[in-house]
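Colleague: One structure follows; several queries about it will come next.
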Amino acid sequence: MRPSVDGEVLELVDELRTSDFATAILTNGTDEVPYELHSQGIAPHFDHIFNSAEIGVAKPEPEVFDFVLRVLDLPADSVFFADDSASKLTGAHTRGIHTHHFRDIAGLRRALRDVNVI
């Protein structure tokens, strides 16, 4: 299955990047993810791409979020994580990361406003 992203989400990602926020993807994917993200033009919108196939642990395990926090060298409370699967949020939440169950762009924007990102 080829990855796809809502154009409004990419616009928001670009908006965040122009406001000096780092953006990242954390995916439970295969070794094909980098190729897929580049071939669809998604990868250039993000500063970092984290793939569980390369990390060796997957969402929702807290250890995958520990890994991302170490690489980004950021405290958990300065990170915002959204996923379209509520079950994938648990590990991030236990680490103190701001989480959001993504359903639509309006809800995502509201959640980002709630934590003073936008």
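Colleague: If you scan the range 85-110, which residues turn out to be loosely packed, with under 13 Cβ neighbours inside 10 Å and closer than 20 Å to residue 22 by Cα?
Modeller: Once the filter is applied, which keeps residues that are loosely packed, with under 13 Cβ neighbours inside 10 Å and closer than 20 Å to residue 22 by Cα, the range 85-110 yields only 110.
Colleague: In addition: Looking at 113, 109 in this structure, which one is touching a residue at least 60 places away in the same chain (Cβ under 8 Å), within 22 Å of residue 47 (Cα to Cα) and of a type in the set (Lys, Arg)? Before the answer, list the steps.
Modeller: Values: 113 fails: touching a residue at least 60 places away in the same chain (Cβ under 8 Å).
Within the list 113, 109, the selection yields 109.
Colleague: Give 44, 34 a once-over and let me know the one that is at pLDDT below 95 and either closer than 23 Å to residue 11 by Cα or in contact with a Cys (Cβ under 9 Å, 6 or more places away or on another chain) (or both). Break it down into steps so the answer makes sense when it comes.
Modeller: On the way: 44 fails: at pLDDT below 95.
That would be 34, the only listed residue that is at pLDDT below 95 and either closer than 23 Å to residue 11 by Cα or in contact with a Cys (Cβ under 9 Å, 6 or more places away or on another chain) (or both).
Colleague: Checking residue 95 against (1) over 12 Å from residue 60 (Cα atoms); (2) at pLDDT 95 or above; (3) over 14 Å from the mean Cα position of the chain (by Cα): exactly one of these is not met. Which one?
Modeller: All conditions pass for residue 95, except number (1).
Colleague: How about the range 1-57: which helices (runs of 4 or more DSSP H) wholly inside it have at least 2 residues that are surrounded by 12 or more Cβ atoms within 10 Å (Cβ to Cβ) and among the acidic types (Asp, Glu)?
Modeller: Working: elements: 7-18, 33-39, 52-55.
It comes to 7-18.
Colleague: Taking into account only those residues within the range 66-82 that are assigned to a helix (DSSP H, G or I) and small (Gly, Ala, Ser), which is surrounded by the most Cβ atoms within 10 Å (Cβ to Cβ)? Spell out how you get there, then give the answer.
Modeller: As a first pass, look at the range 66-82 and keep what is assigned to a helix (DSSP H, G or I): 66-72, 76-78.
The next check asks that each one be small (Gly, Ala, Ser); those that pass are 76, 78.
Values: 76: 17, 78: 14.
My answer is 76.
Colleague: Cβ contacts < 6 Å: first residue among the small types (Gly, Ala, Ser), restricted to the range 19-44; second residue not in a loop (DSSP other than H, G, I, E, B), any location; separation 6+ or different chain. Result?
Modeller: Final answer for the pair search is 24/48; 29/51; 29/53; 43/37.
The values are calculated or read from the model by the stated rules, or taken from the named source; none is laboratory data. Values in this document were obtained by computation on a predicted structure and should not be read as measured data. As a convention, Cβ positions derive from the backbone with ideal geometry for all residues, glycine included, and neighbour counts pool all protein chains shown.
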